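Student: The following block contains the structure, expressed as structure tokens.
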Amino acid sequence: MDFVGPRYIKGNGKFYSLNIIDLYSHNVFIESQRTKEDHQVASSLLKCWKTVGIPDFLQSDNELSFRGSNRYPRSLGLVLRLCLFYGIQPVFIPAREPWRNGVIESFNDTYNKKFFRRQWFPSYAALKRQSKHFQRFHNTHHRYRCLKGKTPIEVLKKECFKPVRLGPNTKLPKIDYIPDGTIHLVRFVRSDRKLDIFGEKFEISKELVYSYVRAAIVTDVHQLQVYLGNDLVEIFEYRLSA
């Protein structure tokens with residue numbers, strides 16, 4: 001998942017495109033939004049999960065609206081709570097390393113070159129409609145070398161894949177608690193030995209300096225577990241607040 005934008009429509013303001021791609025089939029979902037506000041992201045995700053299906057993991061960069069609040073990092077934002085509510089494990093790539101999201105970054109380039117910069121949009125409403133046409137065209141006609149020349153729809157049909165989807169009438173739930181689940185953050189440990197978890201710093205072992213680690217927030221046991229590869233190397237208490 002990643003944002004493109006802001007982009008501008010002459011005389012009709014700015015917008016962002018929330019782009020989501022299935023790593024297996026390269027099936028994409030595009031939703032245009034006026035803002036990056038977390039309620040809009042959550043609403044867009046619900047639309048995606050009603051059509052594309054519910055994923056096991058959702059990988060993104062460290063955009064604030066994807067995670068919550070800098071002031072209250074342990075309260076977890078709406079998007080995180082929504083993912084955990086539906087059993088999805090969020091995965092955050094290392095800060096300032098966009099190439100870690102290479103598949104969606106590549107699609108963002110396609111979105112810009114093949115869609116946004118190739119036509120004129122008289123209004124935001126027209127852009128929203130056309131973005132859905134482009135989504136369908138991509139999924140039906142765009143052939144990927146990594147898929148052996150197949151389109152996303154051809155891959156899904158060949159595998160007879162039937163995703164688990166949310167019901168069409170599903171509304172955004174009120175989640176005033178922190179659901180059980182796991183949130184993953186991949187982080188590079190520098191010489192200061194500080195592990196950055198949503199702006200909060202944890203000092204870890206000097207043996208982990210200049211290594212990439214995976215930090216797992218396990219909400220039901222209120223722990224921050226640090227892994228090097230598959231090995232659990234550190235555990236911190238991580239009390240969450242609803």
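Student: When segment 52-86 is examined, which residues are found to be in contact with a Leu (Cβ under 9 Å, 6 or more places away or on another chain), over 20 Å from residue 177 (Cβ atoms) and assigned to a helix (DSSP H, G or I)?
Tutor: Listed by number, the list holds a single entry, 65.
Student: What's the total number of residues in segment 30-69 that are under 12 Å from the mean Cα position of the chain (by Cα), under 18 Å from residue 88 (Cα atoms) and of a type outside the set (Asp, Glu)?
Tutor: Qualifying residue count, segment 30-69: 14.
Student: Regarding residue 101, is this residue part of a helix (DSSP H, G or I), at pLDDT below 95 and surrounded by 15 or more Cβ atoms within 10 Å (Cβ to Cβ)?
Tutor: Yes.
Student: Which ones in segment 188-242 are touching a residue at least 24 places away in the same chain (Cβ under 8 Å) and of a type in the set (Phe, Trp, Tyr)?
Tutor: 188, 198, 202, 212, 236, 238
Student: Restricted to segment 16-25, and to residues that are closer than 19 Å to residue 61 by Cβ and buried (at least 18 other Cβ atoms within 10 Å of the Cβ), which residue is nearest to the chain's Cα centre (by Cα)?
Tutor: Here the residue is 20.
Student: Within segment 31-41, does at least one residue satisfy the condition of being surrounded by 21 or more Cβ atoms within 10 Å (Cβ to Cβ), among the aliphatic types (A, V, I, L, M) and modelled with pLDDT of 95 or more?
Tutor: Yes, because at least one residue in segment 31-41 is surrounded by 21 or more Cβ atoms within 10 Å (Cβ to Cβ), among the aliphatic types (A, V, I, L, M) and modelled with pLDDT of 95 or more.
Student: Next up: For segment 189-210: of the residues being over 22 Å from residue 76 (Cα atoms) and out of contact with any Lys or Arg (no Cβ under 8 Å at 6 or more places or on another chain), which is surrounded by the most Cβ atoms within 10 Å (Cβ to Cβ)?
Tutor: Applying the filter and picking the extreme gives 189.
Student: Ok, one more. With in contact with an Asp or Glu (Cβ under 9 Å, 6 or more places away or on another chain) and at positive phi as the only criterion, which of 199, 181 stands out?
Tutor: 181
Student: So which residues in segment 149-183 are without any contact (Cβ under 8 Å) to a residue 60 or more places away in the chain and closer than 30 Å to residue 223 by Cα, if there are any at all?
Tutor: Answer for segment 149-183, where residues must be without any contact (Cβ under 8 Å) to a residue 60 or more places away in the chain and closer than 30 Å to residue 223 by Cα: just 174.
Student: Can I ask one more? Does residue 12 qualify as being more than 26 Å from residue 110 (Cβ to Cβ), in contact (Cβ under 8 Å) with a residue 24 or more places away in the chain and not in a helix (DSSP H, G or I)?
Tutor: Judged against the criteria, residue 12 is not a match.
Student: Look at residue 52 and say whether it is in contact (Cβ under 8 Å) with a residue 12 or more places away in the chain, in the same structural domain as residue 9 (by TED's automatic domain parsing) and hydrophobic (A, V, I, L, M, F, W, C).
Tutor: Taking the combined requirement at face value, the residue satisfies it.
The values are calculated or read from the model by the stated rules, or taken from the named source; none is laboratory data. These figures come from a predicted structure and were not determined experimentally. With ideal geometry, Cβ positions are generated from the backbone for all residues, glycine too; neighbour counts draw on all protein chains shown.
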